[in-house]
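Everything on this sheet refers to the single structure shown next.
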Amino acid sequence: MRIVAIVLGAFAYCLLSPVLPDVAVGVDGAIGTVIVFAAVLAAAQLSDELLAAILVGLGAGMIAAVLTASGQDVAATVPEAVTCACIGALFARGMELPALVLAVPLVVAVIDAVSVGSGGVPFSFDGTSGDILSLDIPAWGGGTALRVGIADPIFAAVFFTWARRFGLRGRATAAAMLVAVLAAVLLTVSADVTVPALPLLAAAFYLPNLDRLGRLARDRPDVARS
């Protein structure tokens, strides 16, 4: 029920954002990003039930596609986020190897950093709606505050699922990831530079679990659930 409550709360936020008062540039984007990623991390817990993850991911994906096709990009944000979470959770379940848990966050962080350094933009603040490959974070008063590429929520779900299933600090990892996406948005706005989210998400996975990662290099601990 907690998963459903968080996801529905995020969906309600997206629907109600047009009636909220205008705020300073970046504030609504930062708040909305944290709320949407909270929904991602909540939905990623479906990794405990593979069939549920598959069915929910397919259903959410179809809803997101219909809403996007009808021009309701902000309304499609949470269904897209849930789809990304299920994709990430299923990937993590299929790749439960200690070597991957240790290496993948670093690899994707480097790739994202290089991509941004080569001209890629992790967050778009142009105020236009995106497509099925991006999440539209709603602006207060209506419209889109920023757009986030789907790689960020997918890998957030991957890292969180691994943290839960490999005996790491799941709650601390989730909290660190929400701080990471908040920092990425605020730094991008305040410093007027493109700040990639994946390196910060990778750091949010590693740092709370430094004392527990060493054993993954030696053997595979019992997972949280079979």
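Could you check segment 130-181 and list, in sequence order, the residues that are modelled with pLDDT of 90 or more, of a type in the set (Val, Ile, Thr) and assigned to a loop (DSSP other than H, G, I, E, B)?
Of everything in segment 130-181, just one residue is modelled with pLDDT of 90 or more, of a type in the set (Val, Ile, Thr) and assigned to a loop (DSSP other than H, G, I, E, B), namely ILE150.
Does ARG218 qualify as being charged (D, E, K, R), surrounded by fewer than 23 Cβ atoms within 10 Å (Cβ to Cβ) and at pLDDT below 95?
Yes, satisfied.
Surrounded by 15 or more Cβ atoms within 10 Å (Cβ to Cβ) and within 21 Å of PHE205 (Cβ to Cβ): does that describe ALA65?
Answer is no for this residue.
Pick from VAL74, VAL104, VAL116: which is of a type in the set (Val, Ile, Thr), modelled with pLDDT of 90 or more and surrounded by fewer than 22 Cβ atoms within 10 Å (Cβ to Cβ)?
VAL104
Across segment 1-20, what is the total count of residues that are small (Gly, Ala, Ser) and surrounded by 14 or more Cβ atoms within 10 Å (Cβ to Cβ)?
The number of residues fulfilling the criteria is 3.
If SER47 satisfies all but one of (1) surrounded by fewer than 24 Cβ atoms within 10 Å (Cβ to Cβ); (2) in contact with a Lys or Arg (Cβ under 6 Å, 6 or more places away or on another chain), what's the number of the condition it fails?
So SER47 meets the others, but not (1).
Under the condition of being in contact with a helix residue (DSSP H, G or I) (Cβ under 8 Å, 6 or more places away or on another chain) and of a type in the set (Val, Ile, Thr), which residue from segment 72-107 is farthest from ALA197 (Cα to Cα)?
VAL74
Which one of VAL78, VAL107, VAL101 is out of contact with any Ser or Thr (no Cβ under 6 Å at 6 or more places or on another chain) and without any contact (Cβ under 8 Å) to a residue 24 or more places away in the chain?
Just one listed residue meets the conditions, VAL107.
Residues in segment 25-44 that are of a type outside the set (D, E, K, R) and closer than 20 Å to THR194 by Cβ: how many?
Within segment 25-44, the subset of a type outside the set (D, E, K, R) is 25-27, 29-44.
So of that shortlist, the ones also closer than 20 Å to THR194 by Cβ come out as 25-27, 29-30, 32-34, 36-37.
Looking only at that region, the number is 10.
What number of residues within segment 158-180 are closer than 21 Å to SER115 by Cα, in contact (Cβ under 8 Å) with a residue 40 or more places away in the chain and of a type in the set (A, V, I, L, M)?
Residues flagged as closer than 21 Å to SER115 by Cα, in contact (Cβ under 8 Å) with a residue 40 or more places away in the chain and of a type in the set (A, V, I, L, M) within segment 158-180 amount to 2.
The values are calculated or read from the model by the stated rules, or taken from the named source; none is laboratory data. Keep in mind it's a predicted model, so treat the numbers as computed, not measured. All Cβ positions, glycine included, derive from the backbone under ideal geometry; neighbour counts span all protein chains shown.
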